[in-house]
Amino acid sequence: MAYAILRTAKLKSFGEIGGSLAHTFRERETHNADPALKLANEHWGAETGAGALAAIRAALPARYRSDAVLCIEYFVGHSPEWRGDDTAYFRGALQWLRDRHGAENVISVHVHRDEKTPHLVAYVVPRDGDKLNAKKWLGGKKTLSEMQTDFWQRVGREHGLERGIEGSVARHQTIKEYYTAISRATEVERDVNFPKERQVLEKGVLTTTLETDAAFASRVAESVVEQLKPAAQKGVEAAHLARREREQAREVGRLKKALDKAHKRLNAFERVFDGLNSDQARELFHSLRRAADRMKETAREVVGWFKGLAPSRSGGELQITLEERGTGRTMTFLSTRAAKALETAGVRAGDLVKVSSAGAEILERRQRRDLER
């Protein structure tokens with residue numbers, strides 16, 4: 001089973017950003033990269049680390065806190081066994097980043113094909129209006145989980161990639177865990193044979209030349225490591241299996257709680273229909289569904305380019321027409337309050353606006369639209 005992979009890193013200083021860019025642009029030795037494949041890498045944006053750093057500096061607001069996150073580094077990858085169209089996958093990831101942060105804040109994007117598994121690296125300035133606010137996108141487990149789900153739904157799923165277990169505590173195995181597993185395996189494999197004496201290199205009538213202490217120590221170490229490899233692998237696999245079982249147990253517990261909650265809600269729902277005949281129950285169900293649809297549409301927040309404003313056919317509300325951002329679909333939104341807010345702000349056709357039942361606001365004027373698209 002192949003998975004979509006999305007990771008993030010917070011870069012809080014220009015030193016951290018510069019170090020990351022040096023690796024990304026292969027401006028320092030990269031041991032896990034094949035120099036012969038360097039030309040296969042793609043760079044969307046700056047062509048050098050210095051150029052990307054300058055672009056990031058230029059995108060920062062004039063004033064920000066000294067401890068602010070200056071840049072978010074996104075890593076987009078996939079399981080090594082996946083054999084899909086990674087070019088389309090990475091371009092979908094780029095569009096997802098632009099929709100999430102605004103195209104003007106996605107500064108530099110790179111696809112590495114000179115490593116074992118192709119992946120994308122992107123540098124994004126976390127601007128929220130006139131300030132830096134990385135917490136808006138990376139703040140807390142719930143936000144990060146929603147980010148992973150959204151990325152999978154909009155990018156990974158169409159390429160046949162799976163999302164990881166939601167709520168999973170899975171993480172990369174640390175060096176400490178690796179050696180702990182080796183230690184446990186060693187306790188099982190006690191019958192390890194290794195050289196006890198130094199080899200004789202040359203034997204004369206009066207003198208004998210033995211291998212050096214360093215050579216003897218190296219030979220002993222190689223012998224022990226070779227014999228312990230199978231046991232160490234067993235230990236690593238056992239630790240991974242145990243951790244996976246714990247994750248699945250937590251997931252089963254979470255699903256059981258959700259099922260219990262659903263049963264309680266169903267019982268309450270059944271009481272509403274108690275005593276009604278089939279026609280009455282059907283009519284009540286459709287009424288409830290229509291009410292829920294209206295509430296859902298009213299509560300929804302729509303971001304898109306303003307196209308027009310007109311009285312609704314019912315005559316009771318004003319109808320706002322938008323081209324929804326990210327999908328290009330034409331949307332209508334009924335809200336007199338939101339329409340009056342846009343009129344007061346002097347909205348013009350082509351302005352990027354945010355509309356909800358609570359009101360509306362202009363996000364960007366028309367001249368920004370071309371940059372976004």
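The values are calculated or read from the model by the stated rules, or taken from the named source; none is laboratory data. Treat the numbers as computed from the prediction; the structure is a model and nothing was measured. Reconstructed Cβ throughout: ideal geometry from the backbone, glycine too, with neighbour counts over all protein chains shown. For the accessible areas, the whole protein counts, side chains as well, though only heavy atoms, and no ligand, DNA or RNA atoms are used. Shrake-Rupley method; radii C 1.70, N 1.55, O 1.52, S 1.80 Å.
Available extension along the chain between Glu81 and Glu197 is 37.1 nm, counting 0.36 nm per residue and deducting the alpha carbon span.
Could you point to the residue in Tyr89, Leu138, Val106 farthest towards the positive end of region 69-148's charge dipole, with +1 and -1 charges on the Cβ of Lys/Arg and Asp/Glu respectively? Value computed over the given set: Leu138.
You can think of it this way: the chain between Lys261 and Ala58 has 68.1 nm of extra reach, that is 0.36 nm per residue less the Cα-Cα gap. Sorting Asp67, Asp130, Asp260, Asp86 by solvent-accessible area of protein heavy atoms yields Asp130, Asp67, Asp260, Asp86, largest first, with a 1.4 Å probe.
Legend: calculated FRET efficiency, Gln95 to Arg244, from the Cβ-Cβ distance at R0 = 30 Å, rounded to 0.05, equals 0.35.
Taking all protein chains together, Val106, Val200 sort by accessible area into Val200, Val106, largest first [probe 1.4 Å]. Measuring r between the beta carbons of Lys136 and Ala281 and using R0 = 41 Å, the FRET efficiency lands at 0.40. A 1.4 Å probe over all protein chains sorts Met1, Met147, Met331 by accessible area into Met1, Met331, Met147, starting with the largest.
In this structure, Lys38 and Asp67 have a Cβ-Cβ separation that, at R0 = 35 Å, corresponds to a calculated FRET efficiency of about 0.45.
Note on Ala345 and Ala310: the model spin-label points, each 7 Å out from Cα along the C-beta direction, lie 2.3 nm apart.
Residues whose amide H comes within less than 5 Å of that of Leu363, counting only those at least five positions distant or on another chain, are Leu352, Val353, Lys354 (H built at 1.01 Å from N in the peptide plane). Each Lys or Arg adds one and each Asp or Glu takes one away; over the other residues whose Cβ falls under 12 Å from the Cβ of Val69, this sums to +3. Classify region 14-113 from the C-alpha gyration tensor, please: rounded if a/c falls under 1.5, else prolate or oblate depending on whether a/b exceeds b/c. The shape class here is oblate.
Working from Cα pairs under 8 Å separated by at least six residues, relative contact order for region 1-153 is 31 percent.
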